[in-house]
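K.L.:
First the structure, which I've put down as structure tokens, then a few questions once you've had a look.
The values are calculated or read from the model by the stated rules, or taken from the named source; none is laboratory data. Everything numeric here is computed off the predicted structure, so don't read it as measured data. Methodologically, a virtual Cβ is constructed for each residue, glycine included, from the backbone with ideal geometry; neighbour enumeration extends over all protein chains shown. Accessible surface is based on the protein model in full, side chains and every heavy atom, while ligands, DNA and RNA are left aside. Shrake-Rupley method; radii C 1.70, N 1.55, O 1.52, S 1.80 Å.
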Amino acid sequence: MLSVAEFRSLDELANVRLTWKSLWEQTPDANYFQSYDWLRSFWRFYGEGLKLKVLLVSMAAKPIGLVPLVIKHERTQIGVASVLTFPVGEW
């Protein structure tokens, strides 16, 4: 059975930093932009106005994946919309 845990702050996320590192080390061709350290640095400089939403997916209590996302507000022709995206969606 799959389960999903949600983390909404770097303080909460620090509790699973070692889990993130373990998953990152198992990822073929992993790069720095997929690491906790990168997200922490990104958040310090670019996190203002964004809401953090990191999802940790587990199967049978074993972590199998982690997805860092942010919620940002974008102006559209019909008003402001909340958008769930990767932290560097516009890069």
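K.L.:
Hey, could you check the range 72-89 for residues that are open to solvent by 40 Å² or more (accessible area, probe 1.4 Å) and under 21 Å from Arg8 (Cα atoms) and say which is nearest to the chain's Cα centre (by Cα)?
P.N.:
Of everything passing the filter in the range 72-89, Phe86 is nearest to the chain's Cα centre (by Cα).
K.L.:
It is to be established whether one or more residues within the range 46-58 are at pLDDT below 95, in a loop (DSSP other than H, G, I, E, B) and acidic (Asp, Glu).
P.N.:
Looking for residues that are at pLDDT below 95, in a loop (DSSP other than H, G, I, E, B) and acidic (Asp, Glu), one finds at least one in the range 46-58, hence yes.
K.L.:
For Arg40, are the conditions met, namely being touching a residue at least 12 places away in the same chain (Cβ under 8 Å), touching a helix residue (DSSP H, G or I) at 6+ places or on another chain (Cβ under 7 Å), open to solvent by 80 Å² or more (accessible area, probe 1.4 Å) and under 27 Å from Met1 (Cβ atoms)?
P.N.:
The answer is no for Arg40.
K.L.:
Okay, next question. Checking Ile64 against (1) assigned to a loop (DSSP other than H, G, I, E, B); (2) open to solvent by 70 Å² or more (accessible area, probe 1.4 Å); (3) among the hydrophobic types (A, V, I, L, M, F, W, C): exactly one of these is not met. Which one?
P.N.:
Here Ile64 meets the rest and fails (1).
K.L.:
For the structure I just gave you, tell me whether Val80 is assigned to a strand (DSSP E or B), free of Cβ contacts under 8 Å to residues at least 60 places away in the same chain and among the β-branched types (Val, Ile, Thr).
P.N.:
yes
K.L.:
If you scan the range 14-31, which residues turn out to be over 14 Å from Val57 (Cβ atoms) and buried (at least 16 other Cβ atoms within 10 Å of the Cβ)?
P.N.:
Within the range 14-31, Trp24 is the sole residue that qualifies.
K.L.:
Of the residues Leu2, Leu56, only one is surrounded by 13 or more Cβ atoms within 10 Å (Cβ to Cβ) and either touching a residue at least 12 places away in the same chain (Cβ under 8 Å) or within 11 Å of the chain's Cα centre (by Cα) (or both); which?
P.N.:
Leu56
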